[in-house]
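Where a number appears in this text, it was derived from the coordinates with a stated rule and is not lab data. Just so it is clear, the structure is predicted and the values come from calculations on it, not from any experiment. Methodologically, a virtual Cβ is constructed for each residue, glycine included, from the backbone with ideal geometry; neighbour enumeration extends over all protein chains shown.
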Amino acid sequence: MSKLILRVLCVLVPMVFATTGQAAEARSYGPAVTLAVAKKVAAGAIAHAKKMKWNVAVAIVDKHGFLVYYERLDDTQTASAAVAVDKARTAAMYRRPSRVFEEVLVKKGRTAILGLRGATPVIGGLPIKVGGKVIGGVGVSGAASAQDEMAAQAGLNTLK
């Protein structure tokens, strides 16, 4: 990587997060999400989606963005399979909802966000936190983005 590109990234990445108001909140990683927790979160998201009659895919990743658990309802659109994983990875690896990236792109016009590796700027990915520490991420795709986020939140609510 050239020195110029490295310098630009060192300046842009902190600026992007500083403009979101998210940089001030302390976030830390905890132990990786367990399979039992992943299944519980996914079950909550799936139950909500079924209740609402949304065909969705649900992905749970560990704190590094690696897939731990995946489930897809029948007749969910094909693209949702990969998008759910991407949303979950974004939330886990960047320790913030994927909504933040979409808002920075749409509301602030910060196209530089598109250059961040692994950052999917689409609503529907939420970090999984236990004891204030990020242990993974949940991503839902298949309904409207705001509905995806509602299903993801329903999954997280099972941990309360």
Could you compute how fast the range 26-157 diffuses translationally, taking Rh as the Kirkwood radius over C-alpha pairs and applying Stokes-Einstein at 25 °C with viscosity 0.890 mPa s? Give it in µm² per second.
175
Restricting attention to the alpha-carbon atoms of the range 82-132, what are Rg (one decimal) and Dmax (integer), both in Å?
10.6, 34
Points 7 angstrom from Cα along the Cβ direction at TYR29 and GLN153: gap in nanometres?
2.8
TYR29's amide H: which non-local residues (gap 5+, or another chain) put their own amide H closer than 5 Å, with H modeled 1.01 Å from N in plane and none for Pro or chain starts?
VAL134
So who's got an amide H within less than 5 Å of the one on VAL68, skipping anything under 5 residues away but keeping other chains? H placed 1.01 Å off N, in plane.
ILE60, VAL61, ASP62
Go through the range 88-101 residue by residue and turn each phi into a ³J(HN,Hα) via Karplus (6.51, -1.76, 1.60, θ = phi - 60°); whole Hz please, and just put x for glycine and proline.
4, 4, 4, 4, 6, 5, 9, 6, 7, x, 4, 3, 4, 5
3J(HN,Hα) from dihedral phi, the range 135-140, Karplus parametrisation 6.51/-1.76/1.60, rounded to Hz, x for glycine, proline:
10, x, x, 10, x, 10
Viscosity 1.306 mPa s, temperature 10 °C: what is the translational diffusion coefficient of the range 105-160 from Stokes-Einstein with a Kirkwood Rh over Cα pairs, rounded to a whole number of µm²/s?
126
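Taking only C-alpha pairs under 8 Å that are 6+ residues apart, what is the relative contact order of the range 35-160 in percent? Walk me through the numbers before you get to the answer.
Values: 315 pairs, mean separation 40.5, N = 126.
Once normalised by length, the contact order is 32 percent.
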Additional length obtainable on full extension of the chain from ALA112 to ALA144, 0.36 nm per residue less Cα span:
9.1 nm
Here is the link list: LYS53/LYS87; LYS51/LYS133; LYS40/LYS63; LYS108/LYS133; LYS39/LYS63; LYS51/LYS129. Which ones come out longer than 19 Å on Cα distance?
LYS53/LYS87; LYS51/LYS133; LYS108/LYS133; LYS51/LYS129
Scalar couplings 3J(HN,Hα) for the range 141-152 by Karplus 6.51 cos²θ - 1.76 cosθ + 1.60 (θ = phi - 60°), nearest whole Hz, x for Gly and Pro, are 8, x, 9, 5, 3, 5, 5, 4, 5, 4, 5, 4
For ASP75, ASP62, what ranking results if the residue with the fewest other Cβ atoms within 10 Å of its Cβ goes first?
ASP75, ASP62
Please give the Cα centre distance for the range 76-94 versus the range 113-158, rounded to the nearest Å.
8
